[in-house]
Amino acid sequence: MSKNFLINKKIFLVLLFIFFILGCNKEGNEHSGGNEKLSEFFKHQPIKEILDSLEGKNKLIMAIDINALECQVCYDDFLNICDELSEYFFKKNLKPPAMLVIKEGSYLGLDQPERLEAWKKYNNINFPHVIISDSLFKYYGLKPIMALIYNNQENLIFAKEIPMKKKYRKIFFELLTNNQTKNSNNYGNNKN
Amino acid sequence: MARLKVFSFAFLFFLSNFSALYKEASYKLKREAVLGEKQKHIFLKATSLAKTDEGNIYVVDQYAYRIKMFNSKGILLKEVGRRGKNKGDFKKMPYLIASYKSNLAIAEFNSSRVRLFSTNLEYLKSFNVDGIIFDISFDFSGNLWLGLLSLEGKTYLSVYDLQGKKIKKIDLRYNLGKDFEFGDLFNFAITKTGLIVVAHTAVNKIEVWNIKGEFIREFSIGGLPEYSEKKVISYSLFSKKYIPTKKIFQDIAVGMNDLVYILGGHYSSNPFQDLYVVDYNGVIKRNLTLPEKVSSIYLTQENELLIIDEMGVSVKLYRFE
């Protein structure tokens, strides 16, 4: 009886370990399903035009579904990221290498040009923006609020949802503020 | 023949009452002003408002991190606020506002911080309370009443003075328990005679308390379900956690003659438009249907009704005729 118990216990522990590993991998593969399309996302013409006009080796796209900003934590984190980037580049007398891609459709009408400008003004968001359709947002596999960084070889090197965990946040800022060292790394993108 | 007489009498009685009801239902509202009508996109998302004795109206524009001050004609006089960590800045989005004489109390969203401003929108001070604030109102002696949510998920009323000193705490009678997340949220209003009238969001119960913290009575509104629908949000081995998926009541306010106006939620005949006007005994005095869906109501002692529309993009001032 005690032998059976030990065998069962071992099987249980092995299964637990496997589930643990699978659980860990889940986070790493968070965006793997949509990565192929996300890698091509910046090539969407209106987006590419804006990205080409920005200076810097690595460039940021903040993709947002404005309705998802109802989540206070998400909204706060999104605005904090915008603030930190703006402050850093303002001190260096540079424009942040960042743009917004906004999903069409907002129950508050914030995707309407004048209301969108008012919202950006009130919240000190100075990044250029493009509005894309819901179907395109889905096609590229974008999450409601997401940060995507592309390098100058046109590779997706970072893709994470907002609110962003601390461990990714540091990498995120390094990629945008210290372009020399991190280009070859790949965070949240398993293709490259 | 006698039966026919009784039936005819009953029918006439019904008709007379029906016409009286209809007359009450047609109680008219005259639109006096649309706040900031001349400015485009005046509100990104208005969430709360208050009117002071001087006649100015203050609106919280949550997505703009601003408090906007209007005169009674709806002209924007001043606006303040910004997101930030400096003195007077909002660390989180402003959400609720209440006024008492020369003071405005503002609560941030999902926060336990109260910020006090003068009616000229100058920042005065802040203090923290012992829970997350989800409703706010002054009583007529200037104490601040707050609907609070504790870390354990329990809701209650707390009273603070303007120095931030806690005066008392009141546990309400209806608590659905810890397995019902956000099921015990409520709105409340304070009458001039010092009664606290509480409308639960997910339970068809109105509780009446006095300012000393003594329970007076409770009542329900006829025609509405006892509880809101719910859905399971998480399972554990021995229990399930639920959240309400609909609202029975959306807001509450006190008007002239201490009548209580309760804005119905999803289950009303006209969701977010029907106002149940009751006295504090729970006797329905009239029912009103607002001209549009509304997220928040505010009544003044001058027979005025201020509303924030469902989306929070416009604020209108009506007068009862």
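Figures for the structure shown
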| item | result |
| --- | --- |
| Subset tally (residues that are surrounded by 15 or more Cβ atoms within 10 Å (Cβ to Cβ) and touching a Ser or Thr at 6+ places or on another chain (Cβ under 8 Å)) for region A:59-102 | 3 |
| Residues satisfying the stated conditions in region B:154-186, i.e. within 19 Å of B:Lys230 (Cα to Cα), within 20 Å of the chain's Cα centre (by Cα) and outside any loop (DSSP other than H, G, I, E, B) | B:Thr155, B:Phe186 |
| Residues located in region B:61-93, provided they are more than 12 Å from chain A (Cβ to nearest Cβ) and farther than 17 Å from B:Val114 by Cα | B:Met69, B:Phe70, B:Asn71, B:Ser72, B:Lys73, B:Gly74, B:Ile75, B:Leu76, B:Leu77, B:Lys78 |
| Test: B:Gly74 is in contact with a Gly (Cβ under 7 Å, 6 or more places away or on another chain) and under 18 Å from A:Leu110 (Cβ atoms) | no |
| When residues of region A:117-172 are limited to those that are β-branched (Val, Ile, Thr) and more than 14 Å from the chain's Cα centre (by Cα), the one nearest to A:Pro96 (Cα to Cα) | A:Ile125 |
| Lone qualifier among B:Thr245, B:Thr191 - being surrounded by 14 or more Cβ atoms within 10 Å (Cβ to Cβ) and either among the β-branched types (Val, Ile, Thr) or on the phi > 0 side of the Ramachandran plot (or both) | B:Thr191 |
| Residues that are outside any loop (DSSP other than H, G, I, E, B) and either over 22 Å from the mean Cα position of the chain (by Cα) or more than 24 Å from B:Gly147 (Cα to Cα) (or both), drawn from region B:231-252 | B:Lys231, B:Val232, B:Ile233, B:Ser234, B:Tyr235, B:Lys240, B:Lys241, B:Tyr242 |
| Residues of region A:106-118 satisfying the condition of being of a type outside the set (A, V, I, L, M) and free of Cβ contacts under 8 Å to residues at least 40 places away in the same chain | A:Gly109, A:Gln112, A:Pro113, A:Glu114, A:Arg115, A:Glu117 |
| Residues of region B:304-314 that turn out to be more than 14 Å from chain A (Cβ to nearest Cβ) and touching a residue at least 40 places away in the same chain (Cβ under 8 Å), as a count | 3 |
| Count of region A:83-129 residues which are away from every other protein chain (no Cβ under 12 Å), touching a helix residue (DSSP H, G or I) at 6+ places or on another chain (Cβ under 8 Å) and either within 18 Å of A:Gly56 (Cβ to Cβ) or part of a helix (DSSP H, G or I) (or both) | 13 |
| Pairs with Cβ under 6 Å, 6+ apart, first in region A:72-86 and in the same structural domain as A:Pro96 (by TED's automatic domain parsing) and of a type outside the set (Val, Ile, Thr), second buried (at least 19 other Cβ atoms within 10 Å of the Cβ) and in a helix (DSSP H, G or I) | A:Tyr75/A:Leu69 |
| Among residues of region B:209-229, those that are surrounded by 19 or more Cβ atoms within 10 Å (Cβ to Cβ) and not in a loop (DSSP other than H, G, I, E, B), counted | 1 |
| Whichever residue in region B:28-60 is at the interface with chain A (Cβ under 10 Å from one of its Cβ atoms) and in contact with a helix residue (DSSP H, G or I) (Cβ under 8 Å, 6 or more places away or on another chain) and, among such residues, is nearest to B:Phe109 (Cα to Cα) | B:Lys45 |
| Every residue from region B:118-133 that is surrounded by fewer than 15 Cβ atoms within 10 Å (Cβ to Cβ), out of contact with any Gly (no Cβ under 9 Å at 6 or more places or on another chain) and farther than 21 Å from B:Val159 by Cβ | B:Ser118, B:Asn120 |
| Filter result for A:Pro163 (in contact (Cβ under 8 Å) with a residue 12 or more places away in the chain, at negative phi, within 14 Å of chain B (Cβ to nearest Cβ) and in contact with a helix residue (DSSP H, G or I) (Cβ under 9 Å, 6 or more places away or on another chain)) | yes |
| Condition met for B:Val277 (without any contact (Cβ under 8 Å) to a residue 12 or more places away in the chain, more than 14 Å from chain A (Cβ to nearest Cβ), farther than 17 Å from B:Ser72 by Cβ and surrounded by fewer than 21 Cβ atoms within 10 Å (Cβ to Cβ)) | no |
| Verdict on B:Ile297 being closer than 23 Å to B:Val34 by Cβ and either buried (at least 22 other Cβ atoms within 10 Å of the Cβ) or of a type in the set (D, E, K, R) (or both) | yes |
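The values are calculated or read from the model by the stated rules, or taken from the named source; none is laboratory data. As the structure is a computational prediction, the values presented were derived from the model and not from experiment. For neighbour counting, all protein chains shown are included, and Cβ atoms are generated from backbone atoms with ideal geometry for every residue, glycine included.
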